[in-house]
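Beneath this line is the structure, given in C-alpha cells, with notes to follow.
Rule-based calculations on the coordinates, nothing more; no lab input. Every value quoted in this text rests on a predicted model; they were computed, and no experiment measured them. As a convention, Cβ positions derive from the backbone with ideal geometry for all residues, glycine included, and neighbour counts pool all protein chains shown.
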Amino acid sequence: DTPATPDAPTWPADYAARYRAAGYWRGETFGEMLRTRAEAHPDRVAVTDGDRNWTYAELHDRATRLAAGFAARGIAKGDRVVVQLPNVAEFFEVIFALFRLGALPVFALPAHRETEIRYFCEFTEAVAYVIPDRSGGFDHRDLAAAIRADVPTLREVFVVGEPGVHTALGDVPLDATQCDGPAPSDLAFLQLSGGSTGVPKLIPRTHDDYLYSLWGSNELCHVTADSVYLVTLPAAHNFPLSSPGSLGVLYAGGRVVMCPQPDPATAFPLIERERVTITGVVPPLALVWTESAAGTPYDLSSLEVLLVGGAKFSESAARRVGPALGCTLQQVFGMAEGLVNYTRLDDDPETIVTTQGLPISADDEIRIVDDADMEVSEGESGHLLTRGPYTIRGYWRAPEHNARAFTADGFYRTGDIVRRTPTGHLIVEGRAKDQINRGGEKIAPEEIENIILGHPSVHDVSLVAVPDEFLGERTLAYVILRTGAEPLKPVAVKKFVREKGLAAFKVPDRVEFVTAFPQTGIGKISKKDQRNIATAPQG
Ligand code: J2J
C-alpha cells in the first residue's frame with residue numbers, strides 16, 4: 001500500500017519544533033479560543049451587526065449549537081465547506097462552528113460568481129455551501145441550485161435568510177452530537193490566493209500558524225480588549241480577517257463591527273456610533289475616506305489606527321491620511337500565503353509614509369534575490385522570498401505549481417519585487433508575477449485570457465495592467481480576431497466575460513483589437529511592451 005498523499009506540504013518537524021519552542025505556536029485551536037473568551041468575559045459584546053449585539057457567550061453558544069447541527073447533517077472533520085457571506089454576524093457563527101468540527105471553510109468572496117464557485121466546490125470536493133439569500137442585488141440561491149445539481153459531493157446548501165429550495169441556517173437541527181475537534185496543527189481553513197495561474201490556488205492554514213499571525217499582529221497594532229474593529233473590506237479576505245482583523249480582535253476580547261458597505265456614507269456613521277478604534281482599507285478607499293473626512297458631519301475621533309494595504313499606497317496619499325482622519329496610518333503589506341509586514345505605530349512619520357513595514361516575526365526569514373536566486377546586495381531591489389512560522393510550505397493539492405512557487409528549501413516565492421531599507425523596512429517596488437492588482441483586488445490574467453479565448457471570433461488575447469490614478473491599475477485586454485471573423489465591439493467581449501459568471505472586478509476595463517502582439521526576444525508575448533504601448537501618449 002502506498003501511503004495516502006497528503007493534501008499539502010507542511011513544515012518539516014525541526015521547524016515545527018522550533019516554532020513551538022519559541023512560543024509562536026501555542027497549541028490552541030479556534031474552538032478553544034472562543035470557548036475560553038466566552039468563559040472569561042461572557043457578557044462582553046463580540047460582534048455588532050446593525051442592531052444586533054452578540055456577546056461572547058452568545059457567539060460561542062450559537063457556534064456550538066450550529067456545530068452540532070452541522071455534524072447531524074453529516075459534516076465531519078476535514079470536510080470542505082465553501083463559505084460565501086457578506087459582512088454579517090452569521091459569518092462568525094458559521095466559521096466558528098466549522099472550526100469546532102475541524103471542517104474547513106473555503107473562503108469565497110461575495111463578488112465570486114458561478115465560474116469561481118463551481119471551481120471551489122469541484123476542486124475541494126465541498127460537501128456544503130453557505131450563502132446569503134441575496135446580497136448586493138444578486139440572488140445566490142439559483143446559482144447554488146445550479147452548482148448543487150452538477151457537483152456530486154455537494155450535499156447541502158445553507159442560507160442566511162430566506163432559504164428558497166435550500167436549508168435555512170436557522171433550521172439546521174440542533175441535536176448535541178459529540179465530536180473530536182481538530183488538533184492545533186490541523187488545517188483550520190482554505191484561504192484563496194490572489195493567483196497568477198488559470199485557476200485560483202488554495203492556501204491551507206493551520207490553527208497554530210494563523211493564531212500566531214493574529215496575536216503577533218495584535219501586539220504591533222496595539223489591539224486590546226478595548227479595541228473596536230470595523231470590518232470594512234469583505235470579511236473573508238485575509239486582510240480584514242487577520243491583519244489584525246476581526247479574528248485578531250476576537251482573540252484579544254475586543255468588539256467587531258460589521259460594515260455592510262465600505263463607502264464613507266455607510267462607514268463614517270458606524271465609526272461614530274460604535275466608537276470604532278481601528279479598521280483596514282485598500283488604497284482607493286483610503287483616498288475616498290481621506291477626501292470625505294474634511295466635510296463630514298460625523299465624529300471620527302475614536303479612530304486610532306487606519307491600516308492601509310493590499311496594494312501599493314502612494315506616498316502622497318499616505319501623507320494625507322493622518323491629518324485628514326486624525327489617526328495613525330499603519331501600512332500593511334501582507335499575503336494570504338502568510339508573511340505580513342506592518343509599519344510600527346511608533347515608527348517615525350517618514351518611515352510610515354514611505355515603507356510597507358517590517359515582518360511580524362523575528363523568525364520570518366526574508367531573502368531578496370535576483371533572477372538566478374542569488375542574494376542581491378543590501379538595499380538593491382529583487383524578488384522577495386520568505387519562510388516562517390505562519391507562511392505556508394505549499395498550496396493545497398497543487399504539487400506541480402508548488403515546485404515553481406517554492407524553493408527546494410521551502411521559501412515561498414511571493415512574486416513581489418522589494419528592497420530593504422537600513423532599518424529592515426521593506427519597500428514594494430513592483431511585481432514579477434503575472435498578476436494584476438486592481439485596487440487590492442487581484443486578477444490572474446491567465447484566468448481571464450482562457451475565458452476570452454473561448455469566444456468563437458477570438459484568435460488570441462493578452463490581458464495587461466494599465467496605470468490608473470484611483471485604482472492603481474486597471475485591466476486592458478488586447479484581442480486578435482480570427483481571420484475572416486466578424487468585427488467585434490469591445491462591449492461584446494466584456495459581455496462575453498460577464499456572462500460566463502465571473503466576479504465583476506475581473507471583467508476587462510478596456511478592450512483593444514490589434515493584429516499582432518509585441519514579442520520578446522524568444523518569441524513570447526511581451527506584456528511589458530504591451531503595458532508601455534498602452535500608456536504611451538496617443539497620436
Ligand atoms: C504593495 N503590494 C501589496 C502593499 C499586499 C494584509 C494586507 C494585504 C493582504 C493581501 C493580506 C501590499 N503594497 N501594502 O493578505 O493579511 C500585494 C502583493 C502581495 C499580494 C497579496 C493581509 N499589500 N500587496 O493583499 O493575498 O503583491 O493579500 O503579494 O490578497 O498583494 O495579496 P492577498
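Worth a mention:
- Note on the chain: dipole from Cβ charges, positive end direction compared against PHE123, THR206, ALA16; the farthest Cα belongs to PHE123.
- Kirkwood analysis of region 205-316, using all unique Cα-Cα pairs, places the hydrodynamic radius at 14.1 Å.
- Helix-derived mean residue ellipticity, 222 nm - over the chain, DSSP H n ≥ 4, -39500 (n - 2.57), to 500: -9500 deg cm²/dmol
- Pairs from the table (LYS489/LYS524; LYS201/LYS489; LYS312/LYS489) lying more than 31 angstrom apart at Cα are LYS201/LYS489; LYS312/LYS489.
- Ranked by how many other Cβ atoms sit within 10 Å of their own Cβ, fewest first, the residues ILE427, ILE366 fall in the order ILE427, ILE366.
- Computed over region 211-431, the ratio Rg/Rh where both radii use C-alpha atoms and Rh is Kirkwood: 0.99
- Looking at the chain, the DSSP beta bridges with both ends there are about 55 percent antiparallel.
- Loop-exposed trypsin sites (Lys or Arg not before Pro) per DSSP, neighbour cap 12 Cβ within 10 angstrom, longest uninterrupted part of the chain: 1-481
- For region 145-211, diffusion coefficient by Stokes-Einstein and Kirkwood Rh (Cα), 37 °C, 0.692 mPa s, µm²/s: 212
- Bins of 5 Å from zero: percent of alpha-carbon pairs in region 311-423: 2, 11, 19, 21, 18, 13, 8, 5, 2, 0
- Cβ-based exposure ranking for LEU104, LEU481, in which fewest neighbours within 10 Å come first: LEU481, LEU104
- Annotation: amide H-H contacts under 5 Å for ARG205 (H modelled 1.01 Å from N, sequence separation of 5 or more, or interchain): ALA188, PHE189, GLN191.
- In sequence order, calculated HN-Hα J values of region 413-423 (Karplus, 6.51, -1.76, 1.60; Hz; x Gly/Pro): 8, 5, x, 9, 9, 9, 9, 10, 7, x, 7
- Under 19 Å from the Cα of LYS442 - aspartates and glutamates, other chains or at least 8 residues apart: GLU114, GLU116, GLU337, ASP416, GLU429, ASP434, ASP468, GLU469, GLU473, ASP509
- Kirkwood estimate for the chain, i.e. one over the average of 1/r between Cα atoms, Å: 24.2
- 3J(HN,Hα) along region 384-389: 8, 10, 8, 8, x, x Hz, from the Karplus curve 6.51 cos²θ - 1.76 cosθ + 1.60 with θ = phi - 60°, whole Hz, x for Gly and Pro.
- Convex hull of Cα atoms in region 44-179, direction-averaged projection (nm²): 7.7
- Cα centroid separation - region 279-316 against region 35-77, whole Å: 31
- Distance from region 111-145 to region 339-372 (C-alpha centre basis), Å: 36
- For region 351-472, the C-alpha radius of gyration divided by 2.2 N^0.38 Å, with N the number of residues, is 1.24.
- Span from the region 173-245 Cα centroid across to the region 459-507 one, whole angstrom: 33
- Distances between placed amide hydrogens fall under 5 Å for ASP416 paired with LEU384, ALA432, all partners being 5 or more residues away or on another chain.
- Estimated vicinal HN-Hα couplings, Hz - region 192-203 in sequence order (Karplus 6.51, -1.76, 1.60; Gly, Pro = x): 8, 8, x, x, 9, 10, x, 10, x, 8, 10, 10
- Projection of the Cα convex hull of region 436-535, averaged over all directions and equal to a quarter of that hull's surface, yields 6.4 nm².
- Among ASP208, ASP409, a tally of other beta-carbon atoms within 10 Å of each Cβ gives an order, fewest to most, of ASP409, ASP208.
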